[in-house]
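The values are calculated or read from the model by the stated rules, or taken from the named source; none is laboratory data. Every value quoted in this text rests on a predicted model; they were computed, and no experiment measured them. With ideal geometry, Cβ positions are generated from the backbone for all residues, glycine too; neighbour counts draw on all protein chains shown. Heavy atoms of the whole protein, side chains included, go into the accessibility calculation; ligands, DNA and RNA do not. Shrake-Rupley method; radii C 1.70, N 1.55, O 1.52, S 1.80 Å.
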Amino acid sequence: MPEVQFNHILVHVQILLYIIAAFMILRKAKKIYLENYSGASIESLKWLFQFTVALSFFFIIALFKNIFKFTEQPNVSESLKIGLFFFQLIIIFWYLYKALNNPSLFRNIDSKLKLVEDIIFEEKNSSQLAINEKEYNSALLKLKQYMIDEKPFHNPSLTIQDISAAIEIPVRDLSILINHKLEQHFYDFINTYRIESAMNILKDTAKSKVTVLEILYDVGFNSKSSFNTAFKKHTGYTPTDYRKIL
């Protein structure tokens, strides 16, 4: 019936809009993650993206199933229906596997966090600056000294809130200091210290037998892929190649 077909079209358009909205939210969330979180927390973002992609594929298959249902090849629709059933089971088991083995992936981010560009915009409109030049230099010196002395970057789950509490600078001001004044995402700012620490270990001949895997965990990374990507971005070499050219 035309009414049934029209109803199917409306439902699928609605789902498509939800998926588009989900990817838009993830895009914004990525900026918030990079401005406030380091290593381990970024894995949560990757997991959310992967899960959204999986659900999108599920929707695409369901869309084709429903299209064939209204054609002269309903048997194709039935075959896709069976495929969807098994795909659904795979998604469910994958979700449970992640939940049991990586419960940290499901930790919420602070809903009060704002993008730095939004904070700057608000301050310009209110004719206020979070920190003046003198306070900026003082806060920057305090931040760098803390990073050198305490080495908080060894914590793979380090957040901007952790550093804020340690050096007693408001999260809002610290976020502007790193993400706006230094023109670095918090994620890249922390990884710079991690890579510098890894380079020092690789240069140390007394630690020539320490494996790359041991080094990456020691300096605060939680996966080999993220370590290699960050190291190559910073030095132009992979950790293994860097050790060879020393």
Do we have N222 as over 30 Å from D118 (Cα atoms) and in contact with a Ser or Thr (Cβ under 9 Å, 6 or more places away or on another chain) here?
yes
When residues of the range 152-163 are limited to those that are surrounded by 17 or more Cβ atoms within 10 Å (Cβ to Cβ) and not aliphatic (A, V, I, L, M), the one farthest from the chain's Cα centre (by Cα)
P152
Which pairs have Cβ atoms under 8 Å, sit 6 or more apart or on different chains, and link a residue in the range 25-51 that is of a type in the set (F, W, Y) to one that is modelled with pLDDT of 85 or more and in a strand (DSSP E or B)?
Y37/T159
Candidate set: the range 57-78, residues that are over 15 Å from H12 (Cβ atoms) and under 39 Å from the mean Cα position of the chain (by Cα); chosen: the one surrounded by the fewest Cβ atoms within 10 Å (Cβ to Cβ):
E78
Residue under question is N200, and the condition is that it be farther than 23 Å from V116 by Cβ, open to solvent by 20 Å² or more (accessible area, probe 1.4 Å) and in contact with a Gly (Cβ under 8 Å, 6 or more places away or on another chain); does it hold?
no
Take K209 and tell me if it is farther than 15 Å from S38 by Cα, open to solvent by 70 Å² or more (accessible area, probe 1.4 Å) and free of Cβ contacts under 8 Å to residues at least 40 places away in the same chain.
yes
For the condition open to solvent by 60 Å² or more (accessible area, probe 1.4 Å) and assigned to a helix (DSSP H, G or I), what is the one hit in L10, L45?
L10
Checking D149 against (1) within 23 Å of the chain's Cα centre (by Cα); (2) modelled with pLDDT of 85 or more; (3) charged (D, E, K, R); (4) exposed (fewer than 12 other Cβ atoms within 10 Å of the Cβ), the condition it does not meet
(1)
Given (1) hydroxyl-bearing (S, T, Y); (2) touching a helix residue (DSSP H, G or I) at 6+ places or on another chain (Cβ under 8 Å); (3) open to solvent by 80 Å² or more (accessible area, probe 1.4 Å), number of the condition Y217 does not satisfy
(2)
Which residue pairs have Cβ atoms under 7 Å apart, sit 6 or more places apart or on different chains, and have a first residue in the range 227-246 that is under 12 Å from I215 (Cβ atoms) and open to solvent by 40 Å² or more (accessible area, probe 1.4 Å) and a second that is among the hydrophobic types (A, V, I, L, M, F, W, C) and in a helix (DSSP H, G or I)?
T240/V212; R243/L202
Does the range 153-169 hold any residues that are modelled with pLDDT of 90 or more and farther than 18 Å from I215 by Cβ, and which are they?
T159, I160, Q161, D162, I163, S164, A165, A166, I167, E168, I169
Among the candidates A139, A54, which residue alone is of a type in the set (A, V, I, L, M, F, W, C), in contact with a helix residue (DSSP H, G or I) (Cβ under 7 Å, 6 or more places away or on another chain), modelled with pLDDT of 80 or more and under 23 Å from S225 (Cβ atoms)?
A54
Out of (1) part of a helix (DSSP H, G or I); (2) open to solvent by less than 50 Å² (accessible area, probe 1.4 Å); (3) closer than 14 Å to D218 by Cα, what's the single condition that is false for L177?
(3)
